Amino acid sequence: MINKLYFESKDKEIEKRAFKAIKREQDTIGYYSLPSQNIDYIEDYCNSIDDNIEAIAVIGIGGSSLGAKAVYEFIKPVEELSRKLYFFESTDPINIKNLLDKIDLDKTHFLVISKSGTTVETFSIYKYILSLQPDNKNYTFITDPNSSLEKYAKEIEAKVLHLPDSVGGRFSVLSVVGLVPLALCGIDIDGLIKGAKSVQNSFFQKGYLEDILLKKASFYAKNHARYNINCIFAYSESLKYFCEWYVQLWGESLGKRQRHSAFNVGLTPIGLIGPKDQHSFLQLIMEGTRNKSVTFIQIKDFQNDIEIPDISLPHLESLDTLNNLSFSKLINMQCNSLIEALDAQKDIPLDNIILEKVDSQTIGKLIYYYELLTSLVGELIDVDTYNQPGVEVAKVILKEKLKEK
Ligand code: PA5
């Protein structure tokens, strides 16, 4: 993973402060230790699932689904997987019915994932599916130890797996929450963990990423009033759901009232996919208000590359320059041209992450990189990165409305 910054950031004092704070956080925040966990028990669990199970369905929302979805959708186009993975995340009835049409209830294992064990979306969908598939053998519950959900699961003698201590929903993809659904589909979870571990080592053990992440975080924090929108511009369709995961991680972690003031602050995440969004959102970046930073993500080696044939079209000879060009070269040329064009503007902060290829290690690296970056920026803009009080408010109102219905 290479990350080139196109902006200057030279505040050593701020960088030191952030590094110290993040080192301290390791004692209390659970996600930092996930790359060092022993994952043998996940293999044992996977072996306990019947061979006749053809599909896995996650029933969960937010941090309980987006991470696994990001990894699955990244790997699925390039690897033959042993099972399909579906995500029941929405109370949209059309979506629920549509997903149910795709699966055979007797050949699907459902993973009901909820840290709190009380999420309305998750339990409305679970109740509906339970009415169609009442066999408790077809369900595993993933939740915090001692939650009401755990008690329920034990009562119906279903399988239960626990989240490790102090791992928040949106930081849980490398825990049982993401690893179990992915492993059940045959995704290389060792690779995922290995990738995360390499980024962790690089950051905490004076590697290449220490400097990069500290510079980037301190730039975002110092300029958060001016550049308060942070776009990811990913040049691969398979990163679409990674962008969704990023939007949740960044938005829910960094949009807060500050810990030591009365100010509300936040950085707004935007996920864009190239080249499609060159024909849409790009205009706003290029000529709109100077309030956006852009991180380009490129894939160096797409594997299975295909080439544009040597065909000349009458009246369209100017497009012959495309002939014999591989699509992977073309998409990266498009990205590089855009970086050059934006860099020439001089007042749009840019950086470029180049991923080696499409595999588990690569996405593990990218996930952990963004988790660290989020923690650093959260520390520097003085918010509690790991809570989400703003999300709770609407949940309370909904619960009252449900009582009155
Ligand atoms: O990051 C978070 O904490 C949230 O997005 C949660 O993951 C989401 O609200 C789902 O909560 P739960 O896993 O408790 O059902």
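List every residue whose amide H lies under 5 Å from the amide H of ASP359, counting only residues 5 or more places away in sequence or on a different chain, with H placed 1.01 Å from N in the peptide plane.
Under 5 Å from the amide H of ASP359: no residue qualifies.
Rounded, prolate or oblate: which fits the chain, taking a ≥ b ≥ c as square roots of the Cα gyration tensor eigenvalues, rounded meaning a/c under 1.5, else prolate when a/b beats b/c?
Oblate shape, in that a/c is at least 1.5 and b/c is the bigger or equal ratio.
Are any of the pairs LYS159/LYS403; LYS151/LYS197; LYS216/LYS256; LYS20/LYS300 more than 25 Å apart by Cα-Cα distance, and if so, which?
Pairs exceeding the cut-off: LYS159/LYS403; LYS151/LYS197; LYS20/LYS300.
Find, among the chymotrypsin sites (Phe, Trp or Tyr not before Pro) in segment 241-271, those assigned to loop by DSSP (not H, G, I, E, B) with at most 16 other beta-carbon atoms within 10 angstrom.
PHE263
Output ³J(HN,Hα) for segment 175-181: one whole-Hz value per residue in order, computed from phi by the Karplus curve 6.51 cos²θ - 1.76 cosθ + 1.60 with θ = phi - 60°, and x for Gly and Pro.
My calculation for segment 175-181 gives 9, 3, 4, x, 5, 5, x Hz in order.
May I ask you to sort ASP351, ASP165 by Cβ crowding, counting other Cβ atoms within 10 Å and putting the fewest first?
By the 10 Å Cβ count, ascending: ASP165, ASP351.
Amide H of VAL160 versus every other amide H placed in the peptide plane: which residues, excluding those fewer than 5 positions away on the same chain, fall under 5 Å?
Distant-sequence amide H within range of VAL160: PHE141.
Taking 0.36 nm per residue of separation and subtracting the Cα-Cα distance, what length does fully extending LYS401 through HIS162 add?
That works out to 82.9 nm of additional length.
I'd like the antiparallel share, as a percent to the nearest 5, of DSSP beta bridges with both residues in the chain.
Of the beta bridges lying entirely in the chain, close to 15 percent run antiparallel.
For GLN205 and ALA394, FRET efficiency with R0 = 51 Å and r from the beta-carbon atoms, rounded to 0.05?
0.75
Mind checking the dipole of segment 30-187: about its Cα centre, +1 per Lys or Arg Cβ, -1 per Asp or Glu Cβ, Debye to the nearest 20? Working shown, then result.
Working: 14 positive and 21 negative charges, 81 e Å.
Dipole magnitude for segment 30-187 comes out near 380 debye.
Please arrange SER114, SER326 by counting, for each residue, the other beta carbons lying within 10 Å of its beta carbon, fewest first.
SER326, SER114
Sorted by mean Cβ packing within 10 Å, highest first, what order do the peptides 285-295, 167-177 take?
167-177, 285-295
So how far apart, in nm, are the two label points at GLU340 and ARG24 if each is 7 Å from Cα heading toward Cβ?
4.7
Go through LYS4/LYS276; LYS76/LYS276; LYS154/LYS194 and tell me which ones have a Cα-Cα distance over 29 Å in this structure. The partial results should precede the final answer.
Numbers: LYS4/LYS276 23 Å; LYS76/LYS276 21 Å; LYS154/LYS194 33 Å.
Exceeds cut-off: LYS154/LYS194.
Computed from the coordinates by the stated procedures, all read-outs in this text should not be read as laboratory data. As the structure is a computational prediction, the values presented were derived from the model and not from experiment. Neighbour counts are summed over all protein chains in view; Cβ atoms, including those assigned to glycine, are modelled from backbone coordinates with ideal geometry.
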